[in-house]
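K.L.:
Quick one: the structure is below, questions incoming.
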Amino acid sequence: MLQVQFIRENKEKVLEGLAKRNFADAETIIEQVLTADENRRATQVDLENTLAESNKLSKEIGGLYKSGEVQKANILKEKTSQLKEKSKELSDTLNGFSNDLQSLLYQIPNIPHASVKAGTSEEDNENIFSEGIIPDLGENALPHWELAKKYDIIDFELGNKITGAGFPVYKGKGARLQRALINYFLDKNIEAGYKEYQVPHLVNTESATATGQLPDKDGQMYH
């Protein structure tokens, strides 16, 4: 998720990136983000000033009571009550602006790298490099799902029963191949300078939100 400070400091860069992603109404939503952020920050300042004034008066009231100036203390006490009410209203307003801002930020996708070309379909993709020789499979070549069934190495139906679509069960040599590929690519990346980690398989709401999986993909998740 893009941070509001980044959007504020790189507005044109963000708009260019969103244009590459063909994001509709980019200018409108960016302006809404900046307006919501300005309102949030201005309200935050008002709230801090109100709380500071209330704290200052509270200290003065204590001093007045000690010196016997009860009438003056009661007048200030009434004012602090008004300030407390004002601070509560400002706090509620601040929460509203913060929630509005967060909702807007959720709707904005990350922007692509500057080197990424603009486009609307696969035909617009740029081939940076290719490696190896792409074989000619011929007319009778079988797709991977038929090969998996023929050699009994992947069971798509069982995976669908256990979990749902997109979660196959690897069997026999299929499972061994899957395990070997995982090790192979881990080793290749370690050789390239990456560090290997073992991370939890489950995430909390904050992690899923920070990585852009929530809130829009909530209905697609498994619990």
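The values are calculated or read from the model by the stated rules, or taken from the named source; none is laboratory data. If you're wondering where the values come from, they're calculated on a predicted model, not measured in any experiment. Cβ atoms come from the backbone with ideal geometry, glycine included; neighbour counts cover every protein chain shown. What goes into the accessible areas is simple: the full protein's heavy atoms, side chains included, and nothing from ligands, DNA or RNA. Shrake-Rupley method; radii C 1.70, N 1.55, O 1.52, S 1.80 Å.
K.L.:
Just wondering, is there one or more residues in the range 86-96 that are under 30 Å from MET221 (Cβ atoms) and modelled with pLDDT of 95 or more?
P.N.:
yes
K.L.:
Let me ask you something else. Given LEU177, LEU94, LEU147, LEU101, which one is more than 30 Å from the chain's Cα centre (by Cα) and touching a residue at least 24 places away in the same chain (Cβ under 8 Å)?
P.N.:
That would be LEU177, the only listed residue that is more than 30 Å from the chain's Cα centre (by Cα) and touching a residue at least 24 places away in the same chain (Cβ under 8 Å).
K.L.:
Do the conditions hold for GLU206, that is, is it of a type in the set (D, E, K, R), over 30 Å from ILE153 (Cβ atoms) and surrounded by fewer than 10 Cβ atoms within 10 Å (Cβ to Cβ)?
P.N.:
yes
K.L.:
Just give me the residues in the range 187-198 being open to solvent by 100 Å² or more (accessible area, probe 1.4 Å) and either assigned to a loop (DSSP other than H, G, I, E, B) or of a type in the set (A, V, I, L, M, F, W, C) (or both), in sequence order.
P.N.:
Within the range 187-198, TYR194, LYS195, TYR197, GLN198 qualify.
K.L.:
When the range 43-67 is examined, which residues are found to be closer than 16 Å to SER81 by Cβ, of a type outside the set (S, T, N, Q) and in contact (Cβ under 8 Å) with a residue 24 or more places away in the chain?
P.N.:
Hits for the range 43-67 are LEU51, GLU53, LEU57.
K.L.:
Among the residues of the range 59-73, which ones are in a helix (DSSP H, G or I) and open to solvent by 60 Å² or more (accessible area, probe 1.4 Å)?
P.N.:
LYS59, GLU60, TYR65, LYS66, VAL70, GLN71, LYS72 - these are the residues of the range 59-73 that are in a helix (DSSP H, G or I) and open to solvent by 60 Å² or more (accessible area, probe 1.4 Å).
K.L.:
Of the numbered conditions (1) in a helix (DSSP H, G or I); (2) aromatic (Phe, Trp, Tyr); (3) open to solvent by less than 60 Å² (accessible area, probe 1.4 Å), PHE23 satisfies every one except a single condition; which is it?
P.N.:
Going through the list (1) in a helix (DSSP H, G or I); (2) aromatic (Phe, Trp, Tyr); (3) open to solvent by less than 60 Å² (accessible area, probe 1.4 Å), PHE23 breaks only (1).
K.L.:
Okay, next question. Please give the number of the condition GLU38 fails out of (1) assigned to a helix (DSSP H, G or I); (2) modelled with pLDDT under 95; (3) open to solvent by 60 Å² or more (accessible area, probe 1.4 Å).
P.N.:
All conditions pass for GLU38, except number (2).
K.L.:
For the condition closer than 17 Å to SER98 by Cβ and surrounded by 12 or more Cβ atoms within 10 Å (Cβ to Cβ), what is the one hit in LEU76, LEU47?
P.N.:
The unique qualifying residue is LEU47.
K.L.:
Out of the residues in the range 3-20 that are of a type in the set (A, V, I, L, M), touching a residue at least 24 places away in the same chain (Cβ under 8 Å) and open to solvent by 20 Å² or more (accessible area, probe 1.4 Å), state the one that is nearest to VAL116 (Cα to Cα).
P.N.:
ALA19
K.L.:
Quickly run through the range 119-144 and pick out the residues that are of a type in the set (D, E, K, R), within 37 Å of the chain's Cα centre (by Cα) and farther than 30 Å from LEU18 by Cβ.
P.N.:
Answer for the range 119-144, where residues must be of a type in the set (D, E, K, R), within 37 Å of the chain's Cα centre (by Cα) and farther than 30 Å from LEU18 by Cβ: just GLU131.
K.L.:
So which residues in the range 96-117 are open to solvent by less than 70 Å² (accessible area, probe 1.4 Å) and either of a type in the set (Gly, Ala, Ser) or in contact with a Gly (Cβ under 7 Å, 6 or more places away or on another chain) (or both)?
P.N.:
Residues satisfying the conditions are GLY96, SER98, SER103, ILE111, PRO112.
K.L.:
Across the range 140-158, what is the total count of residues that are farther than 25 Å from HIS223 by Cα, open to solvent by 100 Å² or more (accessible area, probe 1.4 Å) and either assigned to a helix (DSSP H, G or I) or in contact with a helix residue (DSSP H, G or I) (Cβ under 6 Å, 6 or more places away or on another chain) (or both)?
P.N.:
4
K.L.:
Would you mention how many residues in the range 1-59 are touching a helix residue (DSSP H, G or I) at 6+ places or on another chain (Cβ under 7 Å) and of a type in the set (S, T, N, Q)?
P.N.:
Matching residues across the range 1-59 total 7.
Per-residue answers, yes or no, for (1) under 21 Å from HIS223 (Cβ atoms); (2) open to solvent by 100 Å² or more (accessible area, probe 1.4 Å); (3) in a loop (DSSP other than H, G, I, E, B):
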position: ASN160; (1), (2), (3): yes, no, no
position: GLY174; (1), (2), (3): no, no, no
position: ARG179; (1), (2), (3): no, yes, no
position: ILE182; (1), (2), (3): no, no, no
position: PHE185; (1), (2), (3): no, yes, no
